[in-house]
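Colleague: Handing you this structure, nothing more for now.
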Amino acid sequence: MSTKQQFNANPDECVVMHTNEMDWEDTEIGGVSQKLLERIIDPEKGRETVLLRFAAGTTLEAEELTERLDFFVLEGNYADGTGEYGPRTFVRHPAGTRHTPSSKGGCVLYAKRRNPIRDNDEHMVIDTNAVEWTSFPHRGADVVHFYRDPHGIETSRYGRIYPEKQIPEHDHAMGEETLIVDGHLMDEHDTYGPGSWFRFPIGVPHAPYTKKEDCTLLIRDGDLVW
């Protein structure tokens with residue numbers, strides 16, 4: 001990440017990216033285009049969050065990861081030598097993992113590379129189509145928890161908020177970033193449709209709500225503790 005330009009790198013700023021209104025940009029890698037959401041260059045806290053689109057038939061060279069890589073398959077099917085992953089699957093590869101990214105039919109990933117917070121990250125695969133969801137009644141939602149850091153810094157979950165739900169005003173003590181997968185979420189700041197990504201700094205309050213449809217979304221807390 002150190003040879004690239006920073007982007008949305010101020011942790012004290014609210015950021016909203018309506019990615020469905022953004023063009024795909026070519027990368028230096030043939031068959032792969034991107035929509036960059038943020039890039040922070042730092043030897044300890046560095047990270048890059050991006051939507052990646054693989055054209056059908058794309059296979060990249062093998063790589064040994066120097067950073068932790070988390071990704072969520074939004075569309076299509078993705079393989080990398082460690083497994084084959086379909087839509088709505090979350091995967092974590094720790095630093096040191098060797099992978100060979102490819103997609104036979106094409107795919108779209110929501111991906112985050114991050115310099116590890118600790119050296120004990122574990123490989124994870126969670127297919128949200130095949131696991132039991134947990135009721136989250138005080139938020140009017142069902143959720144799949146991806147991970148919960150025992151030190152209380154990082155958490156992530158995939159949620160489905162019911163229609164006509166008003167979530168009480170709250171803030172996130174560790175900051176928040178969210179990607180809307182399906183449906184719409186509203187709050188006093190904006191309206192977020194499919195593909196919208198927003199990042200709120202630590203302590204920024206909001207009171208989100210839905211209207212006549214479910215809203216599925218990916219939420220991460222803690223990455224803003226830089």
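The values are calculated or read from the model by the stated rules, or taken from the named source; none is laboratory data. All figures in this text were calculated on a predicted structure; none of them were measured in a lab. All Cβ positions, even for glycine, are placed from backbone atoms using ideal geometry, and neighbour counts span all protein chains on display. For accessibility, only protein heavy atoms count, side chains too; no ligands or nucleic acids. Shrake-Rupley method; radii C 1.70, N 1.55, O 1.52, S 1.80 Å.
Colleague: Please go through region 53-78 and give me each residue that is over 16 Å from Val91 (Cβ atoms), assigned to a strand (DSSP E or B) and open to solvent by 70 Å² or more (accessible area, probe 1.4 Å), ordered by number.
Modeller: Answer for region 53-78, where residues must be over 16 Å from Val91 (Cβ atoms), assigned to a strand (DSSP E or B) and open to solvent by 70 Å² or more (accessible area, probe 1.4 Å): Arg53, Thr59, Glu64.
Colleague: Could you tell me which of the residues Lys45, Lys4 is open to solvent by 60 Å² or more (accessible area, probe 1.4 Å), more than 28 Å from His145 (Cβ to Cβ) and part of a loop (DSSP other than H, G, I, E, B)?
Modeller: Lys4
Colleague: Still on this structure, please answer the following. Give me the residue from region 125-136 that is among the β-branched types (Val, Ile, Thr) and free of Cβ contacts under 8 Å to residues at least 40 places away in the same chain and, out of that set, farthest from Pro94 (Cα to Cα). Please lay out each step first, then the result.
Modeller: The initial filter retains those residues of region 125-136 that are among the β-branched types (Val, Ile, Thr), namely 125-126, 128, 131, 134.
Applying the additional criterion that residues be free of Cβ contacts under 8 Å to residues at least 40 places away in the same chain yields 126, 131, 134.
Working: Ile126: 15, Val131: 22, Thr134: 26 Å.
Filtering first and then ranking leaves Thr134.
Colleague: Let me ask something additional. Looking at region 179-202 only, could you name the residues that are open to solvent by less than 40 Å² (accessible area, probe 1.4 Å) and in a loop (DSSP other than H, G, I, E, B)? Steps first, please.
Modeller: Our first condition is that a residue be open to solvent by less than 40 Å² (accessible area, probe 1.4 Å); within region 179-202, this holds for 179-181, 183, 185-187, 192-193, 195-201.
Residues satisfying the conditions are Gly183, Asp187, Gly193, Gly195, Pro201.
Colleague: Also, quick follow-up: Can you work out which of the residues in region 31-56 that are at pLDDT below 95 and of a type outside the set (D, E, K, R) is farthest from the chain's Cα centre (by Cα)?
Modeller: Pro43
Colleague: Separate question: Taking region 13-23 as the region of interest, how many residues are assigned to a loop (DSSP other than H, G, I, E, B) and within 16 Å of Pro194 (Cα to Cα)? Even if it seems obvious, please write down each step before you answer.
Modeller: Initial filter on region 13-23 (assigned to a loop (DSSP other than H, G, I, E, B)): 13-14, 22-23.
Narrowing the set further to residues that are within 16 Å of Pro194 (Cα to Cα) leaves 22-23.
Matching residues across region 13-23 total 2.
Colleague: Looking at region 117-124, can you tell me whether even one residue there is assigned to a strand (DSSP E or B), at negative phi and either open to solvent by 20 Å² or more (accessible area, probe 1.4 Å) or without any contact (Cβ under 8 Å) to a residue 24 or more places away in the chain (or both)? It would help to see each step written out before you state the result.
Modeller: The first filter runs over region 117-124 and keeps only residues assigned to a strand (DSSP E or B), leaving 124.
From the residues that got through so far, the ones that are at negative phi too are 124.
Now restrict to residues that are either open to solvent by 20 Å² or more (accessible area, probe 1.4 Å) or without any contact (Cβ under 8 Å) to a residue 24 or more places away in the chain (or both): 124.
Checked region 117-124: at least one residue is assigned to a strand (DSSP E or B), at negative phi and either open to solvent by 20 Å² or more (accessible area, probe 1.4 Å) or without any contact (Cβ under 8 Å) to a residue 24 or more places away in the chain (or both).
Colleague: Which condition number does Pro150 fail, the rest of (1) at pLDDT below 90; (2) surrounded by 14 or more Cβ atoms within 10 Å (Cβ to Cβ) being met?
Modeller: Among (1) at pLDDT below 90; (2) surrounded by 14 or more Cβ atoms within 10 Å (Cβ to Cβ), Pro150 violates only (2).
Colleague: Go through region 24-42 and count every residue that is farther than 14 Å from Gly195 by Cβ and either in a loop (DSSP other than H, G, I, E, B) or of a type in the set (Val, Ile, Thr) (or both).
Modeller: 9
Colleague: Here's a follow-up. Ile161 - would you say it is under 15 Å from Phe136 (Cα atoms), aliphatic (A, V, I, L, M), surrounded by 15 or more Cβ atoms within 10 Å (Cβ to Cβ) and in contact with a His (Cβ under 9 Å, 6 or more places away or on another chain)?
Modeller: no
Colleague: Can you tell me which residues in region 125-145 are modelled with pLDDT under 95 and open to solvent by less than 60 Å² (accessible area, probe 1.4 Å)?
Modeller: Hits for region 125-145 are Phe136, Gly140, Ala141.
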